[in-house]
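I have placed the structure first, in the form of structure tokens, so that the comments after it can refer back to it.
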Amino acid sequence: MRDRKLSILAALMLLAVTTAFAADVTGTWTASFETQVGTQNYTYTFKVEGGKLTGTTKSNLSETASAITNGTVNGDDISFTEKLNYQGMEFQIPYKGKISGDEIKFTRTVVEGTPEDLVAKRVK
């Protein structure tokens with residue numbers, strides 16, 4: 001019983017330490033990259049509280065900003081889903097990335113599992 005309590009306490013402490021060292025991506029980031037539908041210019045607005053990531057994405061191909069859902073930051077790993085409305089169709093686009101200073105290297109998957117790589121840079 002005592003060992004179990006210690007194990008739970010250790011796991012909670014590890015989670016707290018991991019969250020405390022999550023990279024701070026709060027702020028505005030931009031990216032420009034080639035896709036199947038041409039060049040896309042994106043602005044990402046991120047807010048991180050603990051390990052939870054929220055915010056919006058805005059593409060030159062969309063009239064309005066899209067909400068970020070399922071967002072997490074864990075150390076230098078970042079992931080979220082963009083809910084994009086493009087020409088009346090809603091797409092759920094998952095992103096996974098690695099944070100390195102003022103850059104994030106993302107891979108996102110759009111239609112039919114086609115991966116797209118991009119680099120977002122912090123706006124200073």
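Odds and ends about this structure:
- All lysines inside 25 Å of Lys47 as judged from Cα atoms, apart from same-chain residues fewer than 8 positions distant: Lys58, Lys83, Lys96, Lys98, Lys105, Lys121, Lys124
- With a simple spin-label model that places each label point 7 Å from the Cα along the Cα-to-Cβ direction, the separation between Thr72 and Lys98 comes to 1.9 nm.
- Cα shape, the stretch 35-124, gyration tensor, a/c 1.5 rule: prolate
FYI, it's all coordinate maths here, none of it is from the lab. All values reported here derive from a predicted model rather than from experimental measurement. As a convention, Cβ positions derive from the backbone with ideal geometry for all residues, glycine included, and neighbour counts pool all protein chains shown.
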